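What follows draws every value from the coordinates through simple rules; no lab data is involved. Everything numeric here is computed off the predicted structure, so don't read it as measured data. Methodologically, a virtual Cβ is constructed for each residue, glycine included, from the backbone with ideal geometry; neighbour enumeration extends over all protein chains shown.
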Amino acid sequence: ELIEAVVVPETWFFRDREAFEALGHLVVEGRSVAQAGANLRLLSAPCSTGEEPYAIVMAMLNAGFSLGQLKVDAVDISIRALTHARRGMFGSNSFRGADLAYRDRYFEKTPEGYALSPLIRDVVNFHQGNLRSVHLHFASHLYDIIFCRNLLIYLDRNTQEHVLGL
């Protein structure tokens, strides 16, 4: 209950859009011809209610990757946020900015809000955990990209070093 009381799940799709555009460009430019058909493993931490890892998938699709090439793990300490993320249903507050073309492409308007396409939703594997823990069962994977925006500023120096050592 303490975790749920102090965690602030403030996020939206393509928050700081430039970061997602840079992600797509960096990955495409950094992959060799031999790697072109290989899977891309990404980690979103913390993932909050899912907007960031789902936006990562959309950004990679826009960069030319197929759904089959993407493996995205997303971790958050909040069970409540993860339950929301897995459901894939979002209200209007999750969509901000002028360019909302992705909403028309990947979401269906329902009486409850906007339902994310199951094709996008199924690419992301959500995990509950604390990055400070050494017992994260998925953390043994090597990742091509780790997206941890706005995480490190909240951690003390020792915890920053631990997280960066994953």
Descending packing, highest mean Cβ count within 10 Å first, for 117-129, 41-53 is 41-53, 117-129
Rounded to the nearest 5, the percent of antiparallel DSSP beta bridges in the range 38-146 equals 35 percent
Ordered by number, the trypsin sites (Lys or Arg not before Pro) in the range 48-111 that occupy a DSSP loop and have at most 16 other Cβ atoms within 10 Å are Arg96
